[in-house]
Amino acid sequence: MQSFSKTTGISVVVANMVGTGVFTSLGFQLLGIQSPFVLLMLWFVGGVTALCGALTYAELGANLPRSGGEYNFLSRLYHPCAGFISGWVSATVGFAAPVALAAMTFSAYLSAVFPALPRSATAVALVISLTLAHCFSRRASSQVQQLFTALKLLLILLFCAVIFIWGQNPQSLSFAPQAGDHQTLLSGAFAVALIYVNYAYTGWNAATYVTGEMHNPQRNLPIVLFIGTTLVLLLYLLLNITFLSAAPISSLAGKLEVGVIVANSALGEGAGKAMGAILALLLISTVSAMTMAGPRVLQMIGEDFSLFAKLAQCNKQGIPVTAIVCQGLLAIFFIISATFESVLVFSSFVLGINTLFAVLGVFMLRYRKLAIAGAYTTFAYPIAPLIYLGVTLWTLVYVLLSRPQEGLLGLGIIVTGALIYLLSAQNNKANAE
């Protein structure tokens, strides 16, 4: 049976991370922070945090080698209920919501080029197309993913090069620390802005969702997570330096379409439309990666709970077609019924809780002596997981304080998952009897 290579794994990580967040969140950050140094530190801190999480996940994935990501980890390390709730979160929010956000952004940027295109219909069409593409075979799935990820990296580098070489009226900015910056780094404004940055880095754990289908996961998974996350950190710093250097801060503050504004400022009005087309192409890769990784969680739930057995149904190539279709339908529901910002904050909060307990699980793994002899161990343990836990907990608290509606809705999703688990467990017990 075919398996995913290291290249495919890295492309899944990069494509899951580089998408909606980095091209939309700078405008929100500028409402509370004006210092170029602090803004870059936001992306650096977010990247280091994601890298610490990735290094920890590499140990979890190498010692608990099964597809499903947090669902697999929490089931084995804590209790099947914890795993089910995690899987429920991933199934309902973790992938379907970001797929919807990326598809909505895709249609918004494409409409800058073709105003006659209906936004919702365009977003739905993209989800349907990629859902079908990933239902055929792993080979086709891998080729689609690698193609669009390579295109994404090429276009980002090309965009930055064009801005720096041919851009007009570059901004005179200093990225060195200024007086008062250290206070901003510890402020509530920094923590709130970090919520958007953490969303932009969401996806560093994507390769763990296809661990069971990866070639030699104990060796390759740490490499995939480290290279993918580091590459994205460098790309994000480069992109934000480009954004801040090419357009006045006043024109970016509070705006969603950062890329188009930068292109208009640096290259002229016509370049904005070209940038819209480029960003639309980039987001195809993001939707594709999440359509590829997310359904594996639904598949694992279907294998473990008879109530959801249909989700584990696979075609002749072993692809969970039913799960892929279900995630696609849920993403379409978000596109039709939800607003962009509320879904972003809400999903960031829920996913933060999910990964918080997964990273905490590395201590459980060692305490319970579940490690496989010779398997990868977390670099800089226990500092790396503690950094991730500290930063994530800090941002979760600020979400509850600043956006209580989205935070409480996220907690409601978790409680709902626990109730559904009880029903599923009772169903399994009844079938066993």
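The values are calculated or read from the model by the stated rules, or taken from the named source; none is laboratory data. In this text the structure is predicted, and so the values were computed from the model without any measurement. Don't worry about glycine lacking a Cβ; one is built from the backbone with ideal geometry, like all the others, and counts go over all protein chains shown.
Residues in region 308-364 that are in contact with a Pro (Cβ under 7 Å, 6 or more places away or on another chain), among the small types (Gly, Ala, Ser) and in contact (Cβ under 8 Å) with a residue 40 or more places away in the chain: Ser347 only. Is it true that Ala289 is buried (at least 24 other Cβ atoms within 10 Å of the Cβ) and under 20 Å from Ile319 (Cβ atoms)? Taking the combined requirement at face value, the residue satisfies it. Annotation note: of Gly412, Gly390, Gly407, Gly374, the sole residue that is over 28 Å from Leu298 (Cβ atoms) and in a helix (DSSP H, G or I) is Gly390. Only residues that are part of a helix (DSSP H, G or I) and surrounded by fewer than 11 Cβ atoms within 10 Å (Cβ to Cβ) were counted in region 183-193, giving 1. Identification of helices (runs of 4 or more DSSP H) wholly contained in region 19-77 with 3 or more residues that are β-branched (Val, Ile, Thr), over 30 Å from Glu303 (Cβ atoms) and touching a residue at least 12 places away in the same chain (Cβ under 8 Å) yields 20-24, 36-63. Only one entry in Val113, Val13, Val45, Val89 is under 24 Å from Phe346 (Cβ atoms) and either among the charged types (D, E, K, R) or at pLDDT below 80 (or both), namely Val13. Filtering Thr92, Thr131, Thr49 for residues that are more than 27 Å from Phe333 (Cα to Cα) and under 19 Å from the mean Cα position of the chain (by Cα) leaves a single hit, Thr49. Just one of (1) surrounded by fewer than 24 Cβ atoms within 10 Å (Cβ to Cβ); (2) modelled with pLDDT of 85 or more; (3) within 27 Å of Thr230 (Cβ to Cβ) fails for Pro80. It is (3). Hey, does region 390-408 have a residue that's of a type in the set (D, E, K, R), modelled with pLDDT of 85 or more and either surrounded by fewer than 19 Cβ atoms within 10 Å (Cβ to Cβ) or farther than 30 Å from Phe308 by Cβ (or both)? Checking region 390-408: not a single residue is of a type in the set (D, E, K, R), modelled with pLDDT of 85 or more and either surrounded by fewer than 19 Cβ atoms within 10 Å (Cβ to Cβ) or farther than 30 Å from Phe308 by Cβ (or both). Filter region 35-67 down to the residues that are of a type in the set (Gly, Ala, Ser), under 28 Å from Leu185 (Cβ atoms) and surrounded by 24 or more Cβ atoms within 10 Å (Cβ to Cβ) and list them by number. Scanning region 35-67 gives Gly46, Ala50, Gly53, Ala54.
Taking the criterion of being in contact (Cβ under 8 Å) with a residue 60 or more places away in the chain and surrounded by fewer than 16 Cβ atoms within 10 Å (Cβ to Cβ), the only residue of region 256-272 that qualifies is Gly268.
Looking at region 1-40 only, could you name the residues that are closer than 30 Å to Ala179 by Cα and of a type in the set (Ser, Thr, Tyr)? Passing the criteria: Thr24, Ser25, Ser35.
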